[in-house]
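Asks: Submitted below is the structure of interest, expressed as structure tokens.
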């Protein structure tokens, strides 16, 4: 919810003042901020000790790269390289998270956990947008591509937000399930 | 020229993006579905294993209860059939002695009563010894096992030998009793079913655990057949062995030695 609110505010500001260009620190630093936010999430969810160190190192390296990149590509249409790197990093974290989960001795179904849905939503969003992010910097001037960009990004953005919204109701659904099952037992 | 190149470029990029996105989407959904189904399968397997273990526990518990019940019935039968009539006879003698016999005959009658009471004491001692052998209680597992094997040997039915490395070492009394019962049950089974001509019990050297090897030349069991028989409705004794070994956190292996063709039962019990 916090992530969506921040994204909405930053996205709103960018769309009003600087649509489709990196000509503002706000836009340039959005990608590393997003990566930092999700890395923080994965830092707490993935339990491998070596991962935690690697996670911090990746974040530091990414911020350093962004500082260099924003100077180099000031005024370019889209930060394709950072977003593609961000997608690869987050997709890798998602795969690592799934790997960790299937190796754990499970006591309850994975899809009854909030974390699983957050990671699945991110995984689908990043995988779906991976190619359009990769080509966006060079192809966003073409009208045909803009249409495809809007459609694909819109679809995955919606899917992700629908899943995030669903997650907010997941504990309530589980609570209702528990109440229903306890009533069945009482009967 | 330029519009054609732009058209091809746009078309190419769009195709690449569409194909790439579709591929990524398929891979991502495939992986998520794989994770879900794999975990479902794992949980179902775990539930099946848990159910099997619960079932085994129930079988062992039932076996233990049945064994206790058998033991109680045996003690009740011994007391009722043997001790009861003896004590009743003693009571009759005393009645006659006190009320109807002449003083000269009383001495003879008291002698009879004394004999009956001695017999009853012996009988009760035997029942008690069958419950807890005094050698086990006083001198430990090694002495009790040696005693049992010696008795078997002197019976002449089978050659029996028992070797313990350290006869003086004592374990927890409950543990000693359980190990003794396991050995006793194994011996009973060998005597009943194996048609063996010799039985040998040997303590194998091990610093931490108590390792025992029981060897015989008759027909025996392998671990697979032991587990099968223990899981069946009839294998009460084997179930008892299994539950006692579980309580002792020990391991028991039934094998046939490929060189000597003797059946071997190896027990490994934490000290």
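Each value in this text was obtained by applying a stated rule to the coordinates, not by laboratory testing. Remember, it's a predicted structure, so these values are computed and weren't measured experimentally. Here the Cβ is made from the backbone with ideal geometry for all residues, glycine too, and neighbour counts use every protein chain on show.
Asks: Taking beta carbons within 10 Å but only from partner chains, what does the mean come to for residues A:96-109?
Replies: 3
Asks: If I model a spin label as a point 7 Å beyond the Cα along the Cα-Cβ vector, how far apart are those points for residue A:114 and residue B:130 in nm?
Replies: According to this spin-label approximation, the distance is 6.6 nm.
Asks: Given the options B:104, B:45, B:138, which has the most mean-square fluctuation in a GNM of chain B, springs set between C-alpha atoms less than 10 angstrom apart?
Replies: Most flexible of the set in this elastic network: B:104.
Asks: Given the convex hull over the Cα atoms of the protein assembly as shown, what projected area results after averaging over all orientations, in nm²?
Replies: 41.0
Asks: Quick check: the angle from helix B:103-131's long axis to the longest principal axis of chain B, C-alpha only, nearest 10 degrees?
Replies: Roughly 10 degrees, rounded to the nearest 10.
Asks: Over chain B, what is the mean sequence separation of C-alpha contacts under 8 Å (at least six apart), divided by residue count, expressed as relative contact order in percent?
Replies: 14
Asks: For peptide B:24-31, compute the average count of partner chain beta-carbon atoms within 10 Å of each residue's beta-carbon.
Replies: Mean shielding by partner chains, rounded to a whole number: 6.
Asks: Can you tell which of B:22, B:255, B:163 shows the greatest fluctuation in a Gaussian network model of chain B with Cα springs below 10 Å?
Replies: B:22
Asks: I need B:35, B:13, B:132, A:119 ordered by Cβ neighbour count within 10 Å, fewest first.
Replies: Going from sparsest to densest Cβ surroundings: B:132, B:13, B:35, A:119.
Asks: Let me ask another. Need the full-extension length gain, residue A:147 to residue A:88, defined as separation in residues times 0.36 nm minus the C-alpha distance. One decimal, nm.
Replies: Taking residue A:147 through residue A:88 to full extension adds about 18.8 nm, to one decimal.
Asks: Given N residues in segment B:134-269, what is its alpha carbon radius of gyration divided by 2.2 N^0.38 Å?
Replies: Ratio of Cα Rg to 2.2 N^0.38 Å: 1.00.
Asks: Taking 56 Å as R0, compute the FRET efficiency from the Cβ-Cβ separation of residue B:106 and residue B:70 and round it to 0.05.
Replies: FRET efficiency, residue B:106 to residue B:70: 0.80.
Asks: For B:69, B:115, what's the fewest-to-most ordering of other Cβ within 10 Å of each Cβ?
Replies: With the sparsest Cβ surroundings first, the list reads B:69, B:115.
Asks: Relative to the longest principal Cα axis of chain B, at what angle does helix B:2-78 sit, 0 to 90 degrees, rounded to 10?
Replies: 0
Asks: Per q in 0.08 Å⁻¹, report the Debye log10 I(q)/I(0) for chain B, using one uniform scatterer on each alpha carbon and no solvent.
Replies: -0.56
Asks: Summing -39500 (n - 2.57) over the DSSP H runs of n ≥ 4 in chain B and dividing by its residue number, what mean residue ellipticity at 222 nm do you reach, to the nearest 500 deg cm²/dmol?
Replies: Only helices count here, giving -23000 deg cm²/dmol.
Asks: To continue, here is another question. How far is helix B:84-95 tilted, in degrees, relative to the longest principal axis of the Cα atoms in chain B, given as a value from 0 to 90 rounded to the nearest 10?
Replies: Helix B:84-95 sits at roughly 20 degrees to that axis.
Asks: Here's another thing I want to ask about it. To make sure I understand, if each residue's beta carbon is the centre and we count other beta carbons within 10 Å, what order do B:227, B:33 fall in, fewest to most?
Replies: So the residues, fewest neighbours to most, are B:33, B:227.
Asks: Taking each residue of B:198-208 in turn, how many C-beta atoms of other protein chains fall within 10 Å of its C-beta, and what is the average?
Replies: Going residue by residue through B:198-208 and averaging, the value is 0.
Asks: How many percent of DSSP beta bridges within chain B run antiparallel, rounded to 5?
Replies: So the antiparallel bridges amount to about 80 percent of the total.
Asks: Related question: When you have a sec, figure out the Kirkwood radius of segment B:3-129 from all distinct Cα pair distances and drop it here in Å to one decimal?
Replies: By the Kirkwood definition, the hydrodynamic radius is 23.3 Å.
Asks: May I pose another question? What is the calculated FRET efficiency for residue A:48 to residue B:38, with r their C-beta to C-beta distance and R₀ = 22 Å, to the nearest 0.05?
Replies: 0.70
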